[in-house]
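Structure first, commentary second.
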Amino acid sequence: MNRPIDRRRVAGNSTGSLALLLAVLLGLGAWNYHRNYQLERAGALSRPYSGYAQRDVSLLRDAVAAELAASRARFERARGHRMSGARDRGSVGDNAAQFNRTTRASNAIRDAASAVAEKEATLAALDAELAHRAGTADGAALHLQRLTSF
């Protein structure tokens, strides 16, 4: 006996499988979204400028870049005023004065180098924040990125 195939019965079997597949995909998507959201929140805590507005970060970056240029100029001036070592000048007073001048010049160079290093580190952090913000999507694209990225 050859029975005719009941089309509704076959369609019902595939609907259940499709519904199960959809439920699994929705569950995995929700888990992935939550995981990526938690990673973003943890990363935002380690970025010191994450609470600033985009405009404020850009303005701060420009100000730090200008200060860096001024600090580099001070550093070059301090290096230019470096004392050439004069050997024994003959008297203790002259040697002490030479030592004091050399110490002041060395301190000025060290302070200027420290200021340059500090400004460079701040500028690098601001550039990293701006780069992070440029790579982060907004609105619906952000939600889609959280949902689909692994």
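Ranked from highest to lowest mean number of other Cβ atoms within 10 Å per residue, what is the order of the peptides 21-33, 54-66?
Result, highest mean first: 54-66, 21-33.
Quick one: in the range 17-118, what % of C-alpha pairs are over 16 Å apart?
Here the long-distance tail beyond 16 Å is 76 percent of all Cα pairs in the range 17-118.
Run the simple label-point estimate for Thr103 and Ala66 please: 7 Å along Cα→C-beta, distance reported in nm.
Modelled inter-label distance: 3.7 nm.
If packing is taken as the average count of other Cβ atoms within 10 Å, what order do 90-97, 114-121 fall into, highest mean first?
Working: 90-97: 10.4, 114-121: 14.9.
The packing order, highest mean first, is 114-121, 90-97.
For Arg35 and Asn95 in one chain, what is 0.36 nm times their gap in residues minus the Cα-Cα distance, to one decimal in nm?
Net length gain for the segment: 14.8 nm.
Quick note: the coordinates plus some simple rules give every number you see, no bench work behind them. Since this is a predicted model, take the numbers as computed values, not measurements. Methodologically, a virtual Cβ is constructed for each residue, glycine included, from the backbone with ideal geometry; neighbour enumeration extends over all protein chains shown.
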